[in-house]
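The values are calculated or read from the model by the stated rules, or taken from the named source; none is laboratory data. Just so it is clear, the model here is predicted, and its values are computed rather than measured. Cβ placement follows ideal geometry from the backbone for every residue including glycine, while neighbour counts extend to all protein chains displayed. SASA here: full protein model, heavy atoms, side chains in, ligands and nucleic acids out. Shrake-Rupley method; radii C 1.70, N 1.55, O 1.52, S 1.80 Å.
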Amino acid sequence: MRLEEMQLHTSPFLEGYSNGDAEVVRFFDYKSPYDKHEWTKRQQELKRYSFPRKGLTDYLTTYNQKIGSSAKTIENIQKLNAEESLAVVGGQQAGLLTGPLLVIYKCISTIQLAKQAEKELNVPVVPIFWIAGEDHDMDEINHVMVPKNNTAKKVSLKSASNVKSSASLWEWDSDEVQPWLKEVFSSFGETAFTSDLVAETERILKDSDSIVTFFAKLLSKWFSEEGLIVLDSGDPSLKKLQSSMLKEMIVHNKAIDEAFNVRTEELCTSGYSAPIEIQENNAHLFYTKNQERILLYRDEEGFSSKEKDFTISESELLEEAINHPEKFSNNVVTRPLMQEFLLPVLSFVAGPGEIAYWAVLGKVFGQFNRMMPILTPRLSFTLVTTGVNELLQSKAITVKQVLENGTEEYKREWYAMNRPIETYDTVQSVKAEFTSSYEKLIRLAEDIDPKLLAVADLNLKRILSEIDYMENKLEQRVRKKVKEPLAEFDEIMLQLKPTGIFQERVWNIYQFVNEEGSSLMNQLVQYPYQFNGKHKIVYV
């Protein structure tokens, strides 16, 4: 495996954060994400707080044993019992076959950052992946993108229910999922690794009762030997630890919303767009009734659904938080708060969008006399297979050029230099010669009857259009002779920047494991990366 780095221009806000721009970092409690001195400051800050360590380790042990995690992961869980222990946390919704590549990169980032911090601080620092099992947007997680007909095709799995329940409660019959799985792997193509990979994945699928369990078991398979701890935020067993914080969120609900609104307005005043929509009287909590997840809003009676078809008083909601915390879930504003209550978070590994929405949470954390954790931008990668690298070399272009400019310009340049026969000059010469000769007919027509000039002009246009038709036919034959080399430019673009989007947001890791073998994952997770804000180009 070979690594190159490049400065990739993504969002201005992320770049400002990574570069320490004052107008951006003022929205965060820790201003220098790549400065290890910030780790020490955060370590001292966390000594002010207490965490439900015993209940947490009991839950994590049970859950990680359920998903088949290694002894290394169980050992890391036990480290959390120590008062000085810390955590690096990353998270994502549960996607099919682990979702897009960026999910794998979050796991790798979380593992690597925890190792570096443990070495630097000389205290236990464990990697934790927070599965957002509470989310219910199935359209975001019910598919895998596969390359087909020179584009990215979505292969979707239908939900068994239209009810807006959390992903953790999306029940499925693994036998009904299996045809979908076969279709996905068929799209990847048959290689020397396919048979074993499909068999192992089918075995894990058969032992999974939901999309979240399937996701968690796959993460455990790939990363538990590195000690990655997995939790499901939608698990009722984890919810039992959340009652006291839920009560605080209900009692101080208006203050939370106002703090969020004020900071969002400040961000917008600085010239950035609001990363989270402001909704009047949003309670930033969901309540589940009849397996449907209802976003709550404050009203004169207490709380209600947006449509007012569900209402509940504050006292009733507080009672529910004590007796039935499993009925509650957080939205994008309160989820980070719940995370901070449960875990001693040294750093949160965040993607560009997450860093933007954390920017509006500073005052929310302040309501609870807490500071936000260090936000570390996740590692960002482009994987270059042997086949794609050979195509790049044959066209004398680089990955950097493709990521910055696409391939169309290089495709046109190559065609201009390598077309086997030049048609343009010959056709233009024929047109000029014919037009010159045709002038004699025009003069003759004018001498006979000036009214024939219009007919002569129309006839000329018709003949020239026939020459254009012939030119198109000639050009088609020329292009046919270079069709394969031109298609290789499209293949490069499809693999590295499909539909103009960075590879990590589209393709799935199984596409690459199917081509390169399972050793690819070991190489990716063990390579000693630097957290420096630069994009990693990995030649596998």
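Between Leu391, Thr269, Pro498, the Cα set farthest toward the positive side of the dipole of the chain (charges on each charged residue's Cβ, about the Cα centre) is that of Leu391.
Phi angles of the range 63-70 translate, via the Karplus equation with coefficients 6.51, -1.76, 1.60 and θ = phi - 60°, into HN-Hα couplings of 5, 6, 5, 4, 8, x, 6, 7 Hz per residue; Gly and Pro are given as x. Dividing the alpha-carbon radius of gyration of the range 304-353 by the rule-of-thumb value 2.2 N^0.38 Å gives 1.51. Amide H contacts of Val230: Phe129, each under 5 Å away and 5 or more positions distant or on a separate chain (H built 1.01 Å from N in the peptide plane; Pro and chain starts excluded). Over 30 Å between C-alpha atoms is what I'm after, so list which of Lys158/Lys363; Lys148/Lys473; Lys41/Lys221; Lys47/Lys254 land there. Flagged as over cut-off: Lys158/Lys363; Lys41/Lys221. Using Cα positions and a limit of under 19 Å, work out the aspartates and glutamates in reach of Lys206, with same-chain residues fewer than 8 apart set aside. Here the aspartates and glutamates satisfying the reach criterion relative to Lys206 are Glu171, Asp173, Asp175, Glu176, Glu183, Asp196. Restriction of the GluC sites (Glu not before Pro) in the range 362-431 to DSSP coil positions whose beta-carbon has at most 13 other beta-carbons within 10 angstrom yields Glu422.
Once backbone amide H atoms are built at 1.01 Å from N, Leu86 has Val125, Val126 as its partners under 5 Å, excluding neighbours fewer than 5 places away on the same chain.
The loop-placed GluC sites (Glu not before Pro) in the range 205-282, going by DSSP, that have at most 16 neighbouring Cβ atoms within 10 Å of their Cβ come out as Glu277, Glu280. Only protein heavy atoms count here; on that basis, with a 1.4 Å probe, Leu342 has an accessible area of about 0 Å². Derived from the Cα gyration tensor, the three semi-axes of the equivalent ellipsoid of the range 222-262 are 31, 15, 7 Å, largest first. All other residues whose Cβ lies under 9 angstrom from that of Leu379 are scored, Lys and Arg at +1 and Asp and Glu at -1, for a net of +3. 3J(HN,Hα) couplings calculated from phi for the range 297-309 with the Karplus curve 6.51 cos²θ - 1.76 cosθ + 1.60 (θ = phi - 60°) are, in sequence order, 10, 6, 8, 5, 8, x, 9, 7, 6, 4, 7, 6, 8 Hz; Gly and Pro show x. Dipole check for the range 324-405: with +1 at the C-beta of Lys and Arg, -1 at the C-beta of Asp and Glu, and the Cα centre as origin, the magnitude is about 160 Debye.
Annotation: per residue accessible area for the chain equals 46 Å², rounded to a whole number [probe 1.4 Å, protein chains only]. Could you check how much of the accessible area of the range 268-402 is carbon and sulfur, as a whole percent, using a 1.4 Å probe? The value for the range 268-402 is 46 percent carbon and sulfur by accessible area.
Calculated mean residue ellipticity, 222 nm, the chain: -16000 deg cm²/dmol, from DSSP H runs (n ≥ 4) at -39500 (n - 2.57) each, averaged per residue and rounded to 500. Give the angle, between 0 and 90 degrees and rounded to the nearest 10, that separates the Cα long axis of helix 37-46 from the longest principal axis of the Cα atoms of the chain. The answer is roughly 40 degrees. Once every Cα of the chain carries one equal point scatterer and solvent is ignored, give the base-10 log of I(q)/I(0) from the Debye formula at q = 0.06, 0.11 Å⁻¹, two decimals. Evaluating at q = 0.06, 0.11 Å⁻¹ gives log10 I(q)/I(0) of -0.39, -1.01. Annotation for the range 109-158 versus the range 220-267: alpha-carbon center distance of 17 Å.
Altogether, the Stokes-Einstein calculation at 4 °C and 1.567 mPa s, with the Kirkwood radius of the range 1-105 over Cα pairs as Rh, returns a diffusion coefficient of 74 µm²/s.
Whole-percent P(r), the range 313-402, all Cα pairs, 5 Å bins from 0: 2, 10, 15, 15, 11, 10, 9, 7, 7, 6, 4, 3, 2, 1, 0. DSSP bridge analysis restricted to the chain gives an antiparallel fraction near 55%, rounded to the nearest 5.
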